[in-house]
Amino acid sequence: MSNAVSLSRHDEIGVITVDNPPVNAISHAVRSGIVEKLAEANNDDSIKAIVLNCAGRTFIAGADITEFGKPIAEPGLNAVVNALENSSKLVVAALHGTALGGGLEVALGCHYRIAVPSAKVGLPEVKLGLLPGAGGTQRLPRLIGIAPALAMIVSGNPVPASIACDQRTIDRLASGDLLADAIEYTRDLLSSRAPLRKISEMDTDEAEVDEDFYDQFRASIAKKARGYFAPEQIIKAVQAANLPFEQGLARERELFIECMQSPESAAQRYLFFAERHASKIPDIPRDTPVREIKKIAVIGAGTMGGGIAMNFTNIGIPVKVVEVNAEAIERGLAQVRKNYARGVKKGRMTEEQLEQMMNLYTPVTDYDDLNDVDLVIEAVFENMDLKKEIFRKLDRVCKPGAILATNTSTLDVDEIAAVTERPDDVIGLHFFSPANIMRLLEIVRGEQTSKEVLNTCIKLAKKIKKVGVVSGVCDGFIGNRMLEGYGRETGLMLLEGASIEQIDKVIFDFGMPMGPLTMNDLAGIDVGAKIRVERRAAGRMPDDERFGLIADKLVEQGRLGQKTSAGFYKYEPGSRAPTPDLAVGAMIREEAARLGIEQRDISDEEIVSRCIYPLINEGARILQEGIALRASDIDIVWTNGYGFPPYRGGPMFYADTVGIKKVYDTICHFRNTLDDRFGYWEPAPLLEKLARTGKTFAEY
């Protein structure tokens, strides 16, 4: 007998209740419990119909992640769904919270469904590189139609109950207490002699879609699905819903196994767990206090500052926006309003909600007005002297216990903290642009940052829906420190003979959102140039004329990228479409000749290795130095902050997939064959150790 599932009687209605905190995951105890209680209810003559209900904050929210990768003990999920559907008595599912994945498949096995208006349903398996494996691809198209079912399954996004009701996934919305309404609905069904409606016995309507529907659908998702394995398998599975149900179910099982065995799914499932591990810090006990954050301030009303502020107003936290004058604040808040207006245009919020958001902002030009904030985030440009000046002011005016955070992307957080009398309250919160959209937040732990401050920021990241990854202090932290080699080798390969278009195509085909040179044009070539100037002045870059040479030459010519309609590419006015520019190619050849570099053909394979392997090599150093706690933390940074394709799992997982020995040998080959006078290709000690011992980063 399972304690996770119980059966109670409400007159002639039996209520099966799942109680498996925190999210009623459909574990073996839940599966076996549902089957047992269903049989008990079917064998009880006093029970005329059954309600499947869940205790706590949600209906069955999906699979039990502790069972991932392990043999599934019987009964499996398919057996549970079939038992519900073949119940001799009518079964109604009562949904609240979320019914996701296996949870929705269980609900689809029931004869009818009722939900509270706030509930959401969905089949998110695609986000793990999988497809629904318990009849989801077969029942949903039969119930709501091929087109809406395919869209829901391929996107993996949850659908609000109101929309699900319109689509017929849900039969009725509850108006009061869910269980009471579900029991009343069940009695109504009994009194009207409603049939035991089995979705498996329904047929899809092939006439509802055009002959070329599936090809058109493939074309519509081609950009988003690029490189992923599961979306195509889902399309094939939904197509199989036109077959007799048992044949369709068998096809779904075949395709599910193909997905499960694919390297893409392995990478996506790895990232799923990596994201959950990222918030676990070994020396931060679970009972570490958390400071209350009720009011914050952001220093700087530019694009970054405004984007940072939006994360907090989105969850109802008021923000004081600090700038040198009222005009600068007005410009910044105008951009914030524009960002929110896009949400109104897309139906994500109302005009009234927009105004409520804007009312949470308070313009501030005097630092003395920051004496009541719980957290202040400095978001000015990358200049150490300026940041120090700001932190001296904050140290003077902010109340005891206020957290002082810097959004620096490269600078030494400890050096900034040292100008205050409270270095234990100083931390780095490195948001990624656009800060109101990008999920990654690098949480930079200074040498004296207190555990309480760190724990508060880790918890706060979750509240503002960011993926927080803790980094130690070093030049560039995790992401930007690794990025240096990626950009460096791109520039060197241009001098050595690779074309701009070839490099961009190869890296795009590898899976990055765009090639490195297109990205440079988009971000502004002058941004990187300014950073190089500061780093050279501080002695934090090798004295290598080749490093960033082509980009710096373009900046000298006023070619700053898209914003000047010319960078590595040229752009027609008002267009973002890059066009190759022969003048840039000629300039590159001239610089190569001046430096005595003999240009050659560079293979696509070499381009991938020279762009990606520096990430791995530097990641190994970061890991060995303790800057990152885990290889998986590095992968979370790169997949969430830099566009590394999730279906490759991140640079460290990719290295394990390719083979550490192969990566190491290739790096040694580049060290021995390229002009490596500055030691760019010296293998990291950890990489060499793993290669010699046959270990992986995952095992480190």
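The values are calculated or read from the model by the stated rules, or taken from the named source; none is laboratory data. As the structure is a computational prediction, the values presented were derived from the model and not from experiment. Neighbour counts run over all protein chains shown; Cβ positions are idealised from the backbone, glycine included.
Matching residues to (1) under 26 Å from the mean Cα position of the chain (by Cα); (2) at pLDDT 95 or above; (3) surrounded by 15 or more Cβ atoms within 10 Å (Cβ to Cβ):
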residue	(1), (2), (3)
Asp166	no, yes, no
Leu173	no, yes, yes
Ile183	no, yes, yes
Leu189	no, yes, yes
Lys198	no, yes, yes
Ala207	no, no, no
Asp212	no, no, no
Ala219	yes, yes, no
Being of a type in the set (Gly, Ala, Ser) and closer than 30 Å to Gly472 by Cα is true for just one of Ala267, Ala207, Ala241, Ala222. Which residue is that? Ala267
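Anything in region 193-230 that is of a type in the set (D, E, K, R), outside any helix (DSSP H, G or I) and farther than 19 Å from Ala151 by Cβ? List them, or say none. Give the derivation first.
If we filter region 193-230 for residues that are of a type in the set (D, E, K, R), which is where we start, we get 193, 197-198, 201, 203, 205-206, 208, 210-212, 215, 218, 223-224, 226.
Applying the additional criterion that residues be outside any helix (DSSP H, G or I) yields 193, 197-198, 203, 205, 210-212, 226.
Residues satisfying the conditions are Arg193, Arg197, Lys198, Asp203.
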For region 37-79, which residues satisfy the criterion of being within 29 Å of Asp188 (Cα to Cα) and charged (D, E, K, R)? Lys37, Glu40, Asp44, Asp45, Lys48, Arg57
Can you pull out the residues in region 647-673 that are in contact with a helix residue (DSSP H, G or I) (Cβ under 8 Å, 6 or more places away or on another chain) and not in a helix (DSSP H, G or I)? Gly649, Gly650
Which count do you get for residues in region 463-477 that are under 22 Å from the mean Cα position of the chain (by Cα) and either at pLDDT below 95 or in a strand (DSSP E or B) (or both)? 6
Tell me the residue from Ile612, Ile607, Ile597 that is at pLDDT 95 or above and not in a helix (DSSP H, G or I), please. Ile597
Could you please find all residues in region 40-86 being closer than 18 Å to Leu179 by Cα and among the charged types (D, E, K, R)? Lys48, Arg57
Being under 30 Å from the mean Cα position of the chain (by Cα), closer than 28 Å to Ile443 by Cα and loosely packed, with under 13 Cβ neighbours inside 10 Å, is that true of even one residue in region 359-379? no
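Quick grid of which residues meet (1) assigned to a helix (DSSP H, G or I); (2) acidic (Asp, Glu); (3) in contact with a helix residue (DSSP H, G or I) (Cβ under 7 Å, 6 or more places away or on another chain):
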site: Ala240; (1), (2), (3): yes, no, yes
site: Glu246; (1), (2), (3): yes, yes, no
site: Glu258; (1), (2), (3): yes, yes, yes
site: Glu264; (1), (2), (3): yes, yes, yes
site: Tyr270; (1), (2), (3): yes, no, yes
site: Phe273; (1), (2), (3): yes, no, no
site: Ser279; (1), (2), (3): no, no, yes
site: Pro282; (1), (2), (3): no, no, no
Going residue by residue through region 624-632, is there one that turns out to be of a type in the set (Ser, Thr, Tyr), in a helix (DSSP H, G or I), touching an Asp or Glu at 6+ places or on another chain (Cβ under 6 Å) and in contact (Cβ under 8 Å) with a residue 12 or more places away in the chain? no
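Among the residues of region 496-509, count how many are farther than 15 Å from Leu582 by Cα and in contact with a Leu (Cβ under 7 Å, 6 or more places away or on another chain).
2
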Among residues of region 23-38, those that are among the aliphatic types (A, V, I, L, M), assigned to a helix (DSSP H, G or I) and over 9 Å from Val5 (Cα atoms), counted: 2
Checked Leu441, Leu460, Leu404, Leu429 against criteria (surrounded by 22 or more Cβ atoms within 10 Å (Cβ to Cβ), part of a helix (DSSP H, G or I), assigned by TED's automatic domain parsing to the domain that holds Ile308 and at pLDDT 95 or above); the one match is Leu460
Just a yes or no: is a residue in region 653-676 under 18 Å from the mean Cα position of the chain (by Cα) and touching a residue at least 40 places away in the same chain (Cβ under 8 Å)? yes
Selection within region 478-521 - of a type in the set (A, V, I, L, M), out of contact with any helix residue (DSSP H, G or I) (no Cβ under 6 Å at 6 or more places or on another chain), within 25 Å of His277 (Cβ to Cβ) and in a helix (DSSP H, G or I): Leu483
